[in-house]
Amino acid sequence: MTLKNIGLFILGIGIAILYFFVNPSDVNFFPKCPLYVTTGIYCPGCGSQRATHQLLQFNLFGVLQQNVLYFIGILVLGYHGTITILNIYFKKHIYNYIYHPKTPIIILVIIIIYWVARNIPVYPFTILAPN
């Protein structure tokens, strides 16, 4: 490990500890979403800081309340990590669909649909807005 990697790892642990102990809903020193602050429109990432706090508290329902796409992203990262570990350490040859040529397009379409849907002020779309 290089010194840069060690520094990034320590920074990541420090940020995780901060988000574990401090709820972004209760304080004002965390950065706000610039799109929401200027336009009142939720971006696909709005609620991610609160979702991180909820995830570190093992409150999966709280994560879903803040940002459903964040939860789906965690599942996708888990899938990618599992397939990578199986292929490297157990000498498997399982195809990882993350590397499929159409995957970025599918992800982009999902993000755009989610972005539009969470800004529709009608039930059931209001459930997608962060609490």
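The values are calculated or read from the model by the stated rules, or taken from the named source; none is laboratory data. Note that this is a predicted model, so its numbers are computed, not measured. Counting neighbours? That spans all protein chains shown, and the Cβs are built from the backbone with ideal geometry, glycine included.
When the range 31-62 is filtered for residues that are within 12 Å of the chain's Cα centre (by Cα) and assigned to a helix (DSSP H, G or I), the ones remaining, listed by number, are Ser48, Gln49, Arg50, Ala51, Thr52, His53, Gln54, Leu55.
Within the range 62-71, identify whether any single residue is more than 24 Å from Leu128 (Cβ to Cβ) and among the hydrophobic types (A, V, I, L, M, F, W, C), and answer yes or no. No, because not a single residue in the range 62-71 is more than 24 Å from Leu128 (Cβ to Cβ) and among the hydrophobic types (A, V, I, L, M, F, W, C). No other residue among Leu75, Leu18 is under 30 Å from Ile94 (Cβ atoms) and out of contact with any Ser or Thr (no Cβ under 8 Å at 6 or more places or on another chain) apart from Leu75. Close contacts from the range 81-110, counting a first residue that is under 20 Å from Leu69 (Cβ atoms) and a second that is among the polar types (S, T, N, Q) and surrounded by 11 or more Cβ atoms within 10 Å (Cβ to Cβ), with Cβ to Cβ under 8 Å and a gap of 6+ residues or different chains, come to Tyr97/Thr103.
Each row is one residue, and each column tells you yes or no for (1) assigned to a loop (DSSP other than H, G, I, E, B); (2) of a type in the set (A, V, I, L, M, F, W, C); (3) at pLDDT below 95; (4) surrounded by 14 or more Cβ atoms within 10 Å (Cβ to Cβ).
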position: Ile13; (1), (2), (3), (4): no, yes, no, no
position: Phe29; (1), (2), (3), (4): yes, yes, yes, no
position: Ile83; (1), (2), (3), (4): no, yes, no, yes
position: Lys92; (1), (2), (3), (4): yes, no, yes, no
position: Val109; (1), (2), (3), (4): no, yes, no, no
position: Tyr114; (1), (2), (3), (4): no, no, no, yes
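Given the criteria touching a His at 6+ places or on another chain (Cβ under 8 Å), free of Cβ contacts under 8 Å to residues at least 40 places away in the same chain, among the polar types (S, T, N, Q) and closer than 29 Å to Asn119 by Cβ, does Asn23 qualify? The answer is yes for Asn23.
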